[in-house]
Amino acid sequence: MFLSSTELKKLVQLIVLPIAIIILTRLIRGKRPGRAPLPPGPRGLPIIGNLLNGPPDFPWLAFSKWSEKYNSDIVSFTIAGTTTVVLNSQEAAAELVEKRSRIYSSRPPAPMLRDLWDWAFSFQPYGSAWQERRTCFVKEFNVSQPERHQPQEIKAVMTLLENLIHSPDDFSAHLRHMAGAIIMEVTYGIDVLPRGDPYVESANRASDGPIQAGIPGTFWVDYLPILKYVPDWFPGASFKTKAKVWKRYALEMVEKPYREVKDQMADGSVNPCFVYNCLQNINSEKDVGHQEKIIQEAAGTMYLAGTDTTVAALRSFFLAMVCYPSVQRKAQEELDRVVGHGRLPNHNDKPDLPYITAIMYEVLRTQPVNPLGLAHYTTEDDYYKGYFIPKNSVVHANGWAILHDKEMYPDPDAFNPSRWLTPDGSAINTQLRDVTSNFGFGRRICPGMHMAFSSIWITIASVLSTFNISEKVGKDGKVIGISPEYESSLQNRPVPFECSIKPRTHEHERLIRTLSTLLPERRM
């Protein structure tokens, strides 16, 4: 396709001029007298910086190796004038994104995240809009009431166990359904269908975008936001097509269940839930429309963020149980001793099941679900250990590096739940740094973290209490071997794999079938 002179002029204005401004800005910065150096990192090229040698697949692994190469717990790279700083130690993360959170709590202006999911406060810059939505969210997930959502968790896990009996090969879909069911009932009071629920499927479609777009270096437009104005046909503009699809899915997800709650309120059939409680407490003397917008967007964020972390962690758990059968046997011995065979575990059993907790921690340590988390963004120039961190820098706390710290976790690549136990094995060793880095740092730490821990724990306990997980045997009678391979995306999750999931005994199967008949009738 040929460009007219007018189109060519616009193209120059859109791309060439901004790049020239970036170059000039960098030259001016570079000549500032007495400026400290940026944190170490690979050498870049003029103008484009590290565009060609920036983050590869699994960037958290590369960043960890950079720290070893440059002998620094803080490293950096620059693409088209934007500096990205990576914090590879707990010390650096605690000092910068926690102690200095005033200037490290914003989010970068990444169009593929912020423009498409502008209603999701996870992606919003630090400010009043973010504060309003987070405050609304935190009211539901009060850490002082950990038992508040346990009934929803138990019900969803019971459905999971029933589904695993009927179609164990679909375990990954069942895990996503379980996580979606918890969030849908907590947020909107909607009981989802046992399989193929449209709300869960909507969340699945909508969550794919942030997972792809959140990884550093995926889209050039995040480093050169001006590119979002190029025509759809322009070479390299395929991101615009993705953006349109993801935008449609996102709006469907945030609008449809919210309307359902309002319709149910109108006809008197609504179930107690986050949205209902918030709408009941609206102050009619203030801007009602603004308050409703906050509620809807806080609920949408809850819905968007509330499933993927849980599902990724549990897929890693299933993979670990296939790879480490001795760990599974030890966990089942603990469960049989504490719970027995006549009932399922519940949250009250947790103090007496430290090895189950240790498995959860070790899964989240060895394979953190959000290795780099969502990017932070500096609002002022700063200095750390003699290095200069410019204003408007993208900052990642590398949870992978922190959770594989050799000093804190000897032999960090080994899957060893026992490292989390006291010497006598009777309790969790509180001297070991926990795994909360899976959920972020500082003011941007995930406020739904405690419910995520709770739902992951009860799922692990319930599954191991009733099922054996092992390598699958093919039709030819040969074992289908698996290797612990993972996807490179915002979330660290195993590539699809097959395994055998069977009830431990007929007694366990009867227990599941009996208890499933006692589930309350679903209300739609």
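Each value in this text was obtained by applying a stated rule to the coordinates, not by laboratory testing. Here the structure is a predicted model, which is why all the values come from computation and not from measurement. Note that we place each Cβ from the backbone using ideal geometry, even for glycine, and neighbour counts take in every protein chain shown.
What the table below lists for this structure:
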| item | result |
| --- | --- |
| The range 380-439, dipole about Cα centre (Lys/Arg Cβ +1, Asp/Glu Cβ -1), debye to the nearest 20 | 20 debye |
| VAL338 versus GLU487: modelled label distance in nm, points set 7 Å from Cα along the beta carbon direction | 3.2 nm |
| Computed [θ] at 222 nm, deg cm²/dmol, the chain (DSSP H ≥ 4; -39,500 (n - 2.57); rounded to nearest 500) | -15000 deg cm²/dmol |
| Proxy reagent accessibility, fewest Cβ within 10 Å first, across GLU185, GLU255, GLU132 | GLU255, GLU132, GLU185 |
| Relative exposure of ASP424, ASP118, ASP411, judged by other C-beta atoms within 10 Å (fewest first) | ASP424, ASP411, ASP118 |
| On Cα atoms only, tilt of 325-338 relative to the major axis of the chain in degrees | 50 degrees |
| Using alpha-carbon coordinates, inclination of helix 506-516 to the longest axis of the chain, degrees | 70 degrees |
| Gyration tensor (alpha-carbon) shape descriptor, the range 36-516, a/c threshold 1.5 | oblate |
| Simple Cβ-charge dipole of the chain, Lys/Arg +1 and Asp/Glu -1, about Cα centre, in debye nearest 20 | 1520 debye |
| Sorted by Cβ neighbour density within 10 Å, fewest at the top, the residues VAL435, VAL186, VAL473 | VAL473, VAL435, VAL186 |
| For the range 79-112 and the range 298-371, distance of Cα centres in Å | 30 Å |
| Crossing angle, helix 198-213 versus the chain [Cα axis fit, 0-90 degrees, rounded to tens] | 40 degrees |
| Fully extended contour minus Cα-Cα distance, from HIS347 to MET449, at 0.36 nm per residue | 35.1 nm |
| Relative contact order for the range 36-516, counting Cα pairs under 8 Å that sit 6 or more residues apart, in percent | 24 percent |
| Residue-span extension gain [LEU52 to SER238] - 0.36 nm each, minus C-alpha spacing | 65.0 nm |
